[in-house]
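Single-structure report; data block below.
The values are calculated or read from the model by the stated rules, or taken from the named source; none is laboratory data. Here the structure is a predicted model, which is why all the values come from computation and not from measurement. Note: ideal-geometry Cβ built from the backbone for every residue, glycine included; neighbour counts use all protein chains shown.
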Amino acid sequence: MKLSRRIQQLEESATLAVSSKAAAMQKQGIDVVSFGAGEPDFGTPQHIKDACTAALAAGHTGYAKPASGILAAKEAVCSKLKRENGLEYKPSQVLITVGGKEALFLATMCLLDEGDEAILPVPYWVSYPEQIKLAGAKVVPVVGDEAHSYKLTADQIAKAITPRTRVLIFNSPSNPGGFTYSPEEVKAIADVVAAHDIIVFSDEMYDRLIYGNQRFMSFAAARPDMFEKTLTFNAGSKTYSMTGWRVGYVAGPQAIISQMAKLQRQTTSGTATFNQHALAAALNGDQAPVEAMRREFERRAEYMHQRLNAIKGVTCVKPTGAFYAFPNVSGAFAALGVKGSLEFSAKVLEEAHVALVPGAAFGMDTNVRLSFATSMDNIRKGLDRLEQLLGKA
Ligand code: PLP
């Protein structure tokens, strides 16, 4: 059997070794505390589930018509983007997708060719480099500085732009970094990008999960001319605890959205019709559950930040968004006799029974990711174990 070159060059997730070992240990009855979750530890709010049940009862079980998404869902997306992000899209500029991931994949396939370059801020969400490679394009990684909370400066982005740059990936709040760009920082980057023929992929999956006095700005709102050069990605997944529903969306220039819809028609035919009704209910309905979840994440973020910085060899930037802490643990490598984040995570799992995600998966081998989408009791227990293993700062 000959497999395609395309699939052979696709990396298996670097997180797999640690997570499958953790699962095997749990199966043996070992009490492993996992910080691996990439989804909220809350259920989908009841009114959203009710909307899905009602849609099923009403017989909305056929193909979505059109495949690009039912009008009710597109209109709900338009109102959300106007109300919360100050962006005025028409329903025809919106595509409803199989989670945020399909939207990103369609955009990558529509905008990148072989030889093109996509600027990818490091640390990055795991699927970006793989999707870019599938399109045959070149990943141009630009590494964020810890002193700047791992956020890129406008100057760093300016230096990475070449005549072949077609796309800038921009993810705020960040998975795995847990940082959020301020409106001023977004505007400074937009000022650099606006002068070039570049489309910005603004991944705003965590826009509602921000903490402290952090403010959020959509990239498309940074300058009037960026509206026409930005794709705005979001989903029900993180905001409404709908990861398993696979409902996402993207809004952007008509000319790009219509091509992405063409590719969607030839591949998935879009996401489940009844789930699109649920997405509309999520976006139009009561937002109190989102705020309750946000407040709980905020409390956990504070706790994680304080506890992690009190551990020997660990420095942690304060999470201002999403539900991840991304500490630099390289100061503890020597004490554990390990070389990088993979060995570090394996050792911590073996000796302290705590599962972390190695930063190598996100392009930053000095760090590890800890999700705080798990109970406060688990967080306390896991951090106690980590502190016991590494010592107090
Ligand atoms: N983008 C980022 C930054 C994410 O963290 C995720 C999910 O982990 C996605 C996109 C994909 O989201 P979805 O589950 O809606 O496909």
Answer from P66, P40 - the residue that is outside any helix (DSSP H, G or I) and either of a type in the set (A, V, I, L, M) or under 17 Å from V357 (Cβ atoms) (or both)
P40
Filter region 273-313 down to residues that are touching a helix residue (DSSP H, G or I) at 6+ places or on another chain (Cβ under 8 Å), surrounded by 19 or more Cβ atoms within 10 Å (Cβ to Cβ) and among the small types (G, A, S), then give me how many there are.
4
Within 17 Å of L104 (Cβ to Cβ) and not small (G, A, S), is that true of V142?
no
Could you please tell me which pairs satisfy a Cβ distance under 6 Å, a separation of 6+ or placement on different chains, a first residue in region 124-139 that is farther than 24 Å from F326 by Cβ, and a second residue that is charged (D, E, K, R)?
G136/E114; A137/D116; K138/E117
Among the residues in region 8-30, are any part of a helix (DSSP H, G or I) and over 30 Å from A325 (Cβ atoms)?
yes
Looking at (1) outside the structural domain of F201 (by TED's automatic domain parsing); (2) of a type outside the set (D, E); (3) in contact with a Ser or Thr (Cβ under 7 Å, 6 or more places away or on another chain), which is the only condition R294 fails?
(3)
Options A261, A281; residue that is among the small types (G, A, S) and closer than 21 Å to C110 by Cα:
A261
Look through S174, S237 and report the one residue that is within 13 Å of the ligand (Cβ to nearest atom) and farther than 22 Å from G144 by Cα.
S237
Unmet requirement for F219, which otherwise passes all of (1) within 16 Å of the ligand (Cβ to nearest atom); (2) in contact (Cβ under 8 Å) with a residue 60 or more places away in the chain; (3) crowded, with 23+ Cβ neighbours inside 10 Å:
(2)
Those strands (runs of 3 or more DSSP E) completely within region 85-147 that have 3 or more residues that are more than 16 Å from the ligand (Cβ to nearest atom) are 138-143
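Got a number for residues in region 11-32 being of a type in the set (A, V, I, L, M), surrounded by fewer than 13 Cβ atoms within 10 Å (Cβ to Cβ) and at pLDDT 95 or above?
Final tally of qualifying residues: 1.
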Considering F42, F35, which residue is farther than 26 Å from M226 by Cβ, within 16 Å of the ligand (Cβ to nearest atom) and either polar (S, T, N, Q) or buried (at least 17 other Cβ atoms within 10 Å of the Cβ) (or both)?
F35
For S68, indicate whether it is surrounded by fewer than 22 Cβ atoms within 10 Å (Cβ to Cβ) and modelled with pLDDT of 95 or more.
no
Selection from region 308-348 of residues that are of a type in the set (F, W, Y) and within 16 Å of the ligand (Cβ to nearest atom):
F323, Y324, F326
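For region 197-231, enumerate the residues that are assigned to a loop (DSSP other than H, G, I, E, B) and out of contact with any helix residue (DSSP H, G or I) (no Cβ under 9 Å at 6 or more places or on another chain).
Selection gives Y206, N213, Q214.
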Identify, by number, the condition in (1) farther than 30 Å from C316 by Cα; (2) in contact (Cβ under 8 Å) with a residue 60 or more places away in the chain; (3) buried (at least 20 other Cβ atoms within 10 Å of the Cβ); (4) not aliphatic (A, V, I, L, M) that P253 doesn't meet.
(3)
Quick check, is L81 closer than 23 Å to A221 by Cα and either free of Cβ contacts under 8 Å to residues at least 12 places away in the same chain or crowded, with 23+ Cβ neighbours inside 10 Å (or both)?
yes
Residues being in contact with a helix residue (DSSP H, G or I) (Cβ under 6 Å, 6 or more places away or on another chain) and not charged (D, E, K, R) - total across region 87-106
10
